[in-house]
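The values are calculated or read from the model by the stated rules, or taken from the named source; none is laboratory data. Because the structure is a prediction, the values reported are computed rather than measured. For neighbour counting, all protein chains shown are included, and Cβ atoms are generated from backbone atoms with ideal geometry for every residue, glycine included.
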């Protein structure tokens, strides 16, 4: 049985619609018009223990709502969720022992105290035993390079330092599942990289399952093996990140340097999907759809025309692909 | 029981950290205490001046009315120590979505909020009302015996529970309506009312303050019995009902709070 099972889950919100105009003021106060918004529409997925899964989606796609339902904060309007065999929103307390959660835009640290003080509060809340607590604190401080600011009041820390402390705080009780909602928002490259490295390392060491949402495609590319793309409350794609790249990359670009040209390839193309972009100064640039032509085939084909010295394949940017999907959805 | 001890322990850890955090704002804390003490002292003084001028208020003399005031303020201070921060912080937490962070912790909502919200900001209230109580009992020539002290504590205990219940109802409504300023104001309006003998108000209002929002049980009914006042108002000798009313009101408030918190899970965004 999978660790997390989400079965035909929907979540509706009621929002109040303000009727415009001065004559509607009283009407708005006494009989407000409500509109039901479907934040999540009948989604199903399952996640196995130890997986690293990324949620992508435009703002308001339903990522956070899904995360909140899975972590037990919200009830779904319909459908069922099971996490480690229990229902997270009905058995919230029991579920909470096994999970860590970081919601990027909010701080759970006490800003007037040092991060160690906040850690000590969590030690009590999660009933962590002293030995394990000390071990984890030492290890996390080392892994995230936090030695310099352990005892500084949190209000004086930089955003990156604070986010590292937030992530460490969520992992002190060795949760089996970690939920991260935009953990790297607004961070510099180094801090981002250290946090990504930390999450990967914890996954390797303890098999911690991680679900993260992010707008930073590099986060997903470097941490996750699987991605789920949400748009307007529905799942557009769920599968391995490699598979996603294959499916949504319409074209890749390859650059060859060659010593000698046998025949001009541009004149008689060996494959109908292959295009030559440029061919000069012993450099050949071609574009091709990776779904139709594999790298081996490509090299094979090109080597019939050229004596290749070297080649580089410019991997398509996930960001571009996702943008393409959003744009298509918006239309 | 083990659960209760665990939450008490949590309270002590939270309080130690809160004191540590407060130490970085020592000056502000001190000024806050002083300003509150001044504020309420002036109120006491004004009341004394006013009632002395009128001689009495429906059979209650200046010292007796000031006793009403000091009992109400003391009970408010005790309740505020435990509940004020919940009321103060919860609407903001809900509004900003930070309440989610409470829900991902392996704790029960209300006990956890209680543990993390304990504050010692009411020292001024408590000291001031204790002093005024002493002055009043002295002026009324009531000897302060051991039994009197027990009765005082008894009255304050149930008064605090009623105030606690009110704090919880106001806080709990934050889950339903997010902004609670209006509720907050109603609560303070009633607190103001509790400084005076309930019997001076119209009967309909007495009914409300006895049955609907049991402010009368915080100080009026018990002190009426303690001082042997004969003004009956709408009801006679309600003092015996204090424990029952206060405990049931508090329990209803807790239920209301928990139900509202559940509501959050199905409506929160």
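Only residues in region A:9-24 that are touching a residue at least 12 places away in the same chain (Cβ under 8 Å) and away from every other protein chain (no Cβ under 13 Å) count as the first member; pair them with residues that are surrounded by 10 or more Cβ atoms within 10 Å (Cβ to Cβ) and assigned to a loop (DSSP other than H, G, I, E, B), Cβ under 6 angstrom, at least 6 apart or cross-chain, and list the lot.
These pairs meet every condition: A:9/A:76.
Could you identify the single residue in B:199, B:171 that is at pLDDT 90 or above and crowded, with 19+ Cβ neighbours inside 10 Å?
The match here is B:171.
Tell me, yes or no, whether region B:241-255 has at least one residue that is part of a loop (DSSP other than H, G, I, E, B) and at pLDDT below 90.
So far as region B:241-255 goes, no, none of its residues is part of a loop (DSSP other than H, G, I, E, B) and at pLDDT below 90.
Only one residue in A:133, A:103, A:149 is within 11 Å of chain B (Cβ to nearest Cβ), within 23 Å of residue A:195 (Cα to Cα) and touching a helix residue (DSSP H, G or I) at 6+ places or on another chain (Cβ under 9 Å), so which one is that?
The unique qualifying residue is A:103.
Does residue A:65 satisfy the condition of being touching a residue at least 12 places away in the same chain (Cβ under 8 Å), over 21 Å from residue A:215 (Cβ atoms) and out of contact with any helix residue (DSSP H, G or I) (no Cβ under 7 Å at 6 or more places or on another chain)?
no
Would you please name the residue that is farthest from residue B:7 (Cα to Cα), looking only at residues in region B:92-107 that are within 26 Å of the chain's Cα centre (by Cα) and at the interface with chain A (Cβ under 9 Å from one of its Cβ atoms)?
B:99
Given (1) under 24 Å from the mean Cα position of the chain (by Cα); (2) away from chain A (no Cβ under 14 Å); (3) closer than 27 Å to residue B:153 by Cβ; (4) surrounded by 17 or more Cβ atoms within 10 Å (Cβ to Cβ), identify the lone condition not met by residue B:110.
Going through the list (1) under 24 Å from the mean Cα position of the chain (by Cα); (2) away from chain A (no Cβ under 14 Å); (3) closer than 27 Å to residue B:153 by Cβ; (4) surrounded by 17 or more Cβ atoms within 10 Å (Cβ to Cβ), residue B:110 breaks only (2).
Looking at B:79, B:124, B:62, B:98, which one is farther than 29 Å from residue A:173 by Cβ and in contact with a strand residue (DSSP E or B) (Cβ under 9 Å, 6 or more places away or on another chain)?
Result of the check over B:79, B:124, B:62, B:98: B:62.
Tell me yes or no: at least one residue of region B:178-187 is more than 23 Å from residue B:238 (Cβ to Cβ), crowded, with 20+ Cβ neighbours inside 10 Å and in contact with a helix residue (DSSP H, G or I) (Cβ under 6 Å, 6 or more places away or on another chain). So that I can check it myself, show each step before the final result.
First, pick out the residues of region B:178-187 that are more than 23 Å from residue B:238 (Cβ to Cβ): B:178-185.
Keeping just the survivors that are crowded, with 20+ Cβ neighbours inside 10 Å gives B:180.
If we keep only those that are in contact with a helix residue (DSSP H, G or I) (Cβ under 6 Å, 6 or more places away or on another chain) too, we end up with B:180.
Looking through region B:178-187, at least one residue is more than 23 Å from residue B:238 (Cβ to Cβ), crowded, with 20+ Cβ neighbours inside 10 Å and in contact with a helix residue (DSSP H, G or I) (Cβ under 6 Å, 6 or more places away or on another chain).
Residues in region A:73-86: is at least one closer than 15 Å to residue A:180 by Cα and either surrounded by fewer than 18 Cβ atoms within 10 Å (Cβ to Cβ) or out of contact with any strand residue (DSSP E or B) (no Cβ under 8 Å at 6 or more places or on another chain) (or both)?
yes
Just a yes or no: is a residue in region B:60-71 within 14 Å of chain A (Cβ to nearest Cβ) and part of a helix (DSSP H, G or I)?
No, there is no match, as no residue in region B:60-71 is within 14 Å of chain A (Cβ to nearest Cβ) and part of a helix (DSSP H, G or I).
Any idea which of (1) closer than 30 Å to residue A:45 by Cβ; (2) in contact with a strand residue (DSSP E or B) (Cβ under 6 Å, 6 or more places away or on another chain); (3) at pLDDT 85 or above is the one residue A:306 doesn't satisfy?
Unmet condition: (1).
Right, residue A:313: in contact with a strand residue (DSSP E or B) (Cβ under 9 Å, 6 or more places away or on another chain) and in a helix (DSSP H, G or I) or not?
Values: in contact with a strand residue (DSSP E or B) (Cβ under 9 Å, 6 or more places away or on another chain): yes; in a helix (DSSP H, G or I): no.
Answer is no for this residue.
Just the residues that are out of contact with any helix residue (DSSP H, G or I) (no Cβ under 7 Å at 6 or more places or on another chain) and either closer than 15 Å to residue A:40 by Cα or modelled with pLDDT of 85 or more (or both), please, taken from region A:243-255.
A:243, A:255 - these are the residues of region A:243-255 that are out of contact with any helix residue (DSSP H, G or I) (no Cβ under 7 Å at 6 or more places or on another chain) and either closer than 15 Å to residue A:40 by Cα or modelled with pLDDT of 85 or more (or both).
State the number of residues belonging to region B:119-139 that are exposed (fewer than 14 other Cβ atoms within 10 Å of the Cβ) and either touching a residue at least 60 places away in the same chain (Cβ under 8 Å) or touching a helix residue (DSSP H, G or I) at 6+ places or on another chain (Cβ under 6 Å) (or both).
Counting residues in region B:119-139 that are exposed (fewer than 14 other Cβ atoms within 10 Å of the Cβ) and either touching a residue at least 60 places away in the same chain (Cβ under 8 Å) or touching a helix residue (DSSP H, G or I) at 6+ places or on another chain (Cβ under 6 Å) (or both) gives 1.
Looking at (1) modelled with pLDDT under 95; (2) within 14 Å of chain B (Cβ to nearest Cβ); (3) assigned to a helix (DSSP H, G or I); (4) closer than 22 Å to residue B:18 by Cβ, find the lone condition where residue A:123 falls short.
(1)
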